[in-house]
Amino acid sequence: MKTILITGGAGFIGSHTAVELIQAGYEVIVADNLSNADTTCLEGVEKITRKKIPFHKADCCDKRQLKKIFEEHAIDGAIHFAGYKAVGESVYKPLMYYHNNLTSFMTLLEIMVENGGGNVVFSSSATVYGQPDILPVTEETPRKPAASPYGNTKQICEDILADAVRAHPTLKGIILRYFNPIGAHASAMIGELPRGVPNNLVPFITQTAAGIREELQIYGNDYNTPDGTALRDYIDVVDLAAAHVSALKHMVRTDRTGSCDIFNVGTGKPISVMELVNKFQAVNKVPVKYRITGRREGDVEAVWADTSLANTVLGWKAACSVEQTLEKAWAWEKRLRGIK
Ligand code: UFG
């Protein structure tokens, strides 16, 4: 397998995955409608890899546009990142989320089946576990009813892929459940580029350190955790990107038909919000003004991964320490803002 289509490839995880795939010897084609990204990271990918990336400004919900890409390139597999991802926004705009996230994925699968199948990696999320009863979560941990339309689209897309793979033996699928992806490439050429006010913790921290935001709000210190702030499993985005390479290799190796393997992609180590803020300040020697406020609606108290399956079956393991990841996140923000 050689040529991989990355939908949403101009985005945060997509662009890092493009780099890892190219460096592992794959040809990469990027499709992105640039609805939540611009070409900054694609240009960064080209600088890092010194390769021109075939880029299609295309909306995956539009079958004609997507089909054209398959006509132009001999695509062996696809990694589907294209989708809306803001949990809070999905509550206000559920139809937009269901339409975009489900249609784009179904369209991709339809075209792949029509073109003789291939390997598909679907970007799922730890959000499918909700607040688990037992921690860490394994892939066998039951999914909880989704707390948001966004989370529901992840669950439904997992089911769509499982059903499609069952019905179409030429189609092979894998589901990666990401925990909390953070950080940036070591070159500082690519990283997270949130539009407007960041929803997620690390971009909010880096923007506060850069003086763009006045202060970070820490959402709640009354959780039943060691320091009262919520626990998450923060996975370095380059490690996460590497998991996609391992997943594609695993699919070729096992050539499994009829069912999709599911893997948690995290570090297996819980870190509290407070710890993360403190580590960021310590490793980067930069202050981050913060204030403890009330809990954010919809947040779970604690979730982290049991990563044994990915470690043993995919031969993948998170390699980067959280300190290194936070250094890279700050280096990227500084480069973006021209801070010395
Ligand atoms: N947090 C703050 N202040 C902020 C932002 C976040 O205290 O300004 C806290 C949150 O309350 C949470 C932790 O930092 O406890 C992490 O929050 P993020 O928004 O960075 O990430 P979430 O865990 O809420 O969500 C992430 C992804 C979702 C995915 C989910 C799966 O953004 O797409 O993980 O668990 F669904």
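Derivation of every value follows stated rules applied to the coordinates shown; laboratory data play no part. Everything numeric here is computed off the predicted structure, so don't read it as measured data. All Cβ positions, glycine included, derive from the backbone under ideal geometry; neighbour counts span all protein chains shown.
Using only the alpha-carbon atoms of region 144-302 as identical scatterers, what base-10 log of I(q)/I(0) does the Debye formula give at q = 0.15, 0.16 Å⁻¹?
-0.96, -1.05
Counting only other residues whose beta carbon sits under 12 Å from that of residue 237, what net charge do I get with K and R as +1, D and E as -1? Walk me through the numbers on the way to the answer.
Values: positive: 328; negative: 20, 192, 236, 239.
Here the charged neighbours net out to -3.
Tell me the net charge near residue 66. Cut-off is 15 Å between Cβ atoms, residue 66 excluded, with +1 for each Lys or Arg and -1 for each Asp or Glu.
Details: positive: 57, 63, 64, 67, 68; negative: 32, 59, 62, 71, 72, 110, 114.
Cβ neighbours under 15 Å give a net charge of -2.
In whole angstrom, note down how far apart the Cα centers of region 262-319 and region 188-226 are.
Each part reduced to its Cα centre gives a spacing of 13 Å.
Let me know the Rg and Dmax you get for region 256-308 when you use only its Cα atoms, in Å.
When restricted to Cα atoms, region 256-308 yields Rg and Dmax of 16.9, 52 Å.
Determine the shape class of region 40-101: with a ≥ b ≥ c the square roots of the Cα gyration tensor eigenvalues, call it rounded for a/c under 1.5, and otherwise prolate if a/b is greater than b/c, oblate otherwise. Provide the component values of the computation, followed by the final result.
Numbers: a/c = 2.98, a/b = 1.48, b/c = 2.02.
Since a/c reaches 1.5 but b/c is at least a/b, the shape of region 40-101 is classed as oblate.
Using helices alone, what [θ] at 222 nm do you get for the chain, with -39,500 (n - 2.57) per DSSP H run of 4 or more residues, divided over all residues and rounded to the nearest 500? Could you put the intermediate results ahead of the total?
Values: 10 runs with 133 residues, N = 340.
Calculated at 222 nm, the ellipticity per residue is -12500 deg cm²/dmol.
Which of the GluC sites (Glu not before Pro) found in region 229-325 are in a DSSP loop and have at most 13 neighbouring Cβ atoms, other than their own, within 10 Å? Mind showing how you got there, number by number?
On the way: sites: 275, 297, 301, 323; in loops: 297, 301.
Sparse-neighbourhood loop GluC sites (Glu not before Pro): 297.
Among the listed pairs 68/154; 2/340; 154/285; 85/289, give every one whose C-alpha distance is greater than 29 Å.
Violating the 29 Å limit, Cα to Cα: 2/340; 154/285.
Tell me whether the chain comes out rounded, prolate or oblate; compute the Cα gyration tensor, take square roots of the eigenvalues as a ≥ b ≥ c, and use a/c under 1.5 as the rounded threshold. Walk me through the numbers on the way to the answer.
Working: a/c = 1.66, a/b = 1.36, b/c = 1.22.
Here the chain falls in the prolate category.
Please name which of 273, 30, 311 has its Cα lying farthest along the dipole of the chain towards the positive end, using unit charges on Cβ (Lys, Arg +1; Asp, Glu -1) and the Cα centre as origin.
It is 30.
How much length would be gained if the chain were fully extended between residue 89 and residue 144, taking 0.36 nm per residue of separation minus their Cα-Cα distance, in nm to one decimal?
Numbers: separation 55, 0.36 × 55 = 19.80 nm, distance 2.03 nm.
Full extension from residue 89 to residue 144 adds 17.8 nm.
Considering the options 258, 223, 242, tell which one lies farthest towards the positive end of the dipole of region 221-275, charges being +1 on Lys and Arg and -1 on Asp and Glu at the Cβ, about the Cα centre.
Value computed over the given set: 258.
What is the antiparallel percent of DSSP beta bridges lying wholly in the chain, to the nearest 5? Don't jump to the answer; show the numbers that get you there.
Numbers: 2 of 40 bridges.
Bridges in the chain that DSSP calls antiparallel: roughly 5 percent.
Rg/Rh for region 159-215 to two decimals, with Rh computed the Kirkwood way over all alpha-carbon pairs. Write out the running numbers ahead of the final one.
Working: Rg = 18.2 Å, Rh = 14.6 Å.
Reported Rg/Rh, Kirkwood definition of Rh: 1.25.
Go from 0 up to the bin containing the longest alpha carbon distance in region 1-155, width 5 Å each, and give me the % of pairs per bin.
2, 9, 18, 19, 18, 15, 11, 6, 1, 0
Can you find, among 120, 5, 42, the residue farthest towards the positive end of the dipole of region 1-120? Put +1 on the C-beta of Lys and Arg, -1 on that of Asp and Glu.
42
Test of understanding: ordering 236, 261 by Cβ neighbours within 10 Å, fewest first, what list do you get? Present the calculation step by step, with values, prior to reporting the outcome.
Details: 236 24, 261 19.
Taking fewest neighbouring Cβ atoms as first place, the list is 261, 236.
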